[in-house]
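All remarks here apply to the structure that follows.
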Amino acid sequence: MLIDTGAGNLGASAPKVFPNVDHSTTVTGDLRRNLEAAGVEASEVDTVIITHAHPDHVGVTLDDEGELVFANARYVIGREEWESWTSGTAAKHAPPIMVDIAQRNLEAIGDRLTFVDNGDEILPGIRVVTTPGHTPGHVALEISSVGEILLHISDVVIYPLHLEHPDWTPVFDMLPEAAEMSKRRTFDRAAEQGALVFGHHFPPFPNLGHVRKPGSGWQWQPIEQGTT
């Protein structure tokens, strides 16, 4: 199982989409190489979960020849996410280049899709948590095993400072009001469960930590590298 496919060679397009963001340290295109280094061939991946269709999350759906990279996989996505991009309604909130990339990658998997909703169990121990706002159908994932919980929040939050200021709106959030509500619900969930949290864009690597609620707000506590 793979969660999102990364940006692939789309890093070259990033400055065109967000010219005011520093892209000097951007590194993309290592997913397949890293999988192979871990002993995993693309042909072995049989389930790909798409948290949302921003280019840095669906960029390795197709290879340079336009063929599916994970050719033996079924693809899992929220129905609202799929419909917002493929119908063109996302164009109201996203630059044309982002819409083009999403549509090209999503259309290629149209006959392999499984739509999911809040609480659905995709695979044993992996449940969907709907978190709209960053995109219309964005989802997080609750992954549980032997009494432990990992909350994969994807892009519900893209920087730790937003735990302290959930009302701050990053330019990447397509539906700001819904995004703020999803942030607050996610923070409460993580704090109440004592879950280990994976923040896709959170520094430092390995992007893991816990959410604490000492008072009316929340705080991010990253784990030390090499520990859980």
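Of all residues in the range 100-149, those satisfying the criterion of being crowded, with 20+ Cβ neighbours inside 10 Å, on the phi < 0 side of the Ramachandran plot and not in a strand (DSSP E or B) are I101, A102, N105, L106, I109, T131, P132, H134, T135, P136, G137, H138. For the range 189-228, the candidate set comprises residues that are among the polar types (S, T, N, Q), touching a strand residue (DSSP E or B) at 6+ places or on another chain (Cβ under 8 Å) and assigned to a loop (DSSP other than H, G, I, E, B); within that set, the residue that is surrounded by the fewest Cβ atoms within 10 Å (Cβ to Cβ) is T228.
Residues in the range 1-24 that are among the hydrophobic types (A, V, I, L, M, F, W, C) and assigned to a loop (DSSP other than H, G, I, E, B) were compared, and the one that is modelled with the highest pLDDT is M1. Counting only residues that are touching a Gly at 6+ places or on another chain (Cβ under 8 Å) and farther than 21 Å from H134 by Cα, the range 182-208 holds 1 of them.
So M181 passes all but one of these: (1) touching a Phe, Trp or Tyr at 6+ places or on another chain (Cβ under 7 Å); (2) assigned to a helix (DSSP H, G or I); (3) more than 16 Å from S84 (Cα to Cα); (4) of a type in the set (A, V, I, L, M). Which condition number does it fail? Every listed condition holds for M181 apart from (1).
Could you tell me whether the range 177-200 includes any residue that is at pLDDT below 90 and in the same structural domain as G147 (by TED's automatic domain parsing)? Yes, some residue in the range 177-200 is at pLDDT below 90 and in the same structural domain as G147 (by TED's automatic domain parsing).
In the condition set (1) of a type outside the set (F, W, Y); (2) in a helix (DSSP H, G or I); (3) surrounded by 14 or more Cβ atoms within 10 Å (Cβ to Cβ), R33 is compliant with all but (3).
The values are calculated or read from the model by the stated rules, or taken from the named source; none is laboratory data. Values in this document were obtained by computation on a predicted structure and should not be read as measured data. For neighbour counting, all protein chains shown are included, and Cβ atoms are generated from backbone atoms with ideal geometry for every residue, glycine included.
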